[in-house]
Amino acid sequence: MNLSWATTVLLVPCVVVLTAGVFYLYGAVLALLSKTSVRNKVVIITDALSELGKECAGVFHRGGARLVLCGKSWEKLEELSDELASASDPTLTFPPKLVLLDFGDVDGTAEAVSEVLECFGCLDILIFNSSMKVKAPAQTLTLETDKLLMDNNYFGPITLAKGVLPSMISRRSGHLILVNSIQGKLAVPFRTAYAASKHAVQAFFDCLRAEVEEYGISVSTINHTFISRSASQTKPPKSFMSREYDPKKQAEPSKTNKPLVLLLSAVLFTKKPLGVSPDEATAEIIKTLSNKKKEILMAPSLPKLAVYARCFFPGVFFSVMAAGVNDSAAPEQN
């Protein structure tokens, strides 16, 4: 037998075993982090009734965290609390505290701050993951809709953040994690109000990070494409821009005659994005609690390329966005 062939035959199983071992160790380390990073920590989860909120609640509850679950429905919060209690050992976990919280009601959010702090007397980790979305041409959105998005995506979260900061500053510890959309860094057509609210809250937490560092408080932002759900719950976006691309209409000479721009536009508007599953996002949150990384971009190559293109080649980026807009398509809201 040829020596090189024999070496190859022996190396392949070794590589397979080594790869499997790496993945096993990664899972073991992640499980250990989920327990050590949140054990006995007071963790507040906004919109705990969302897919990501439920996943975080389950992982943190099993890890021994003292949870404060926030949501708009008291009945559904109680159901979630019962599910967590029935799936865990009561001698190793803490019963969650429940708080009604609606970011759309800014005055109510301010009143809920004291209730949140009274649950365990302090807090260690606050996870912001609630969001309201809308998709439509700018001229079709009323000012009331714009304000509603800003209340849910900006004023609500910052009201809660400001309310808990004095407690964190006095203890000189704490971690704020903003789970934000990639549109907090990248504005795309037909998302004017949504992107504006996400840009605003991103900027707030970026500024806040520098302001509270001296007090030992960490601020992290996680930007994702979208939280994926099962096919029975929702349909995946048709394209990266969440807008249907019609090659025949785009072939008509209207906006640009640059072949490269048209090609890039076709790729962006026809390529389906890869969403982030709730368990993937939760795993990233756990890692962030451990390594205290300031900014995470959870996105495949194409959206990441768009973010970098916006920074370094804005002219090209704007041309691509304009070339991909299909003005005749009917507006859609979600």
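The table below lists the values:
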read-out	value
For the stretch 109-122, Karplus couplings with θ = phi - 60° (6.51, -1.76, 1.60), whole Hz, Gly/Pro x	5, 4, 6, 6, 4, 5, 5, 5, 5, 6, 4, 10, x, 6
Per residue Cα convex hull volume in Å³ - calculated over the stretch 83-222	128 Å³
Cα gyration tensor shape for the stretch 97-161, rounded if a/c is under 1.5, else prolate or oblate	prolate
Long-range HN-HN contacts of Met298 with modeled amide H, under 5 Å	Asn223, His224
Amide proton proximity set for Ser277, modelled H, under 5 Å, gap of 5+	Ser228
Per-residue ³J(HN,Hα) for the stretch 193-209, Karplus 6.51 cos²θ - 1.76 cosθ + 1.60, θ = phi - 60°, Hz, x for Gly and Pro	5, 5, 5, 4, 5, 6, 5, 5, 5, 4, 5, 4, 6, 5, 5, 4, 3
5 angstrom amide H check on Leu67, placed H, neighbours 5+ away	Val43, Lys97
Out-of-range pairs (alpha-carbon distance over 30 Å; input Lys198/Lys292; Lys147/Lys287; Lys72/Lys135; Lys135/Lys304; Lys54/Lys198)	Lys147/Lys287
Rounded if a/c under 1.5, otherwise prolate or oblate - the stretch 127-171, Cα gyration tensor axes	prolate
Hz values of 3J(HN,Hα) by residue in the stretch 38-46 - Karplus curve (6.51, -1.76, 1.60), Gly and Pro given as x	10, 4, 6, 7, 8, 10, 9, 10, 7
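Every number here is computed from the coordinates shown, using simple stated rules; none is lab data. Not measured: the values here are computed from a predicted model.
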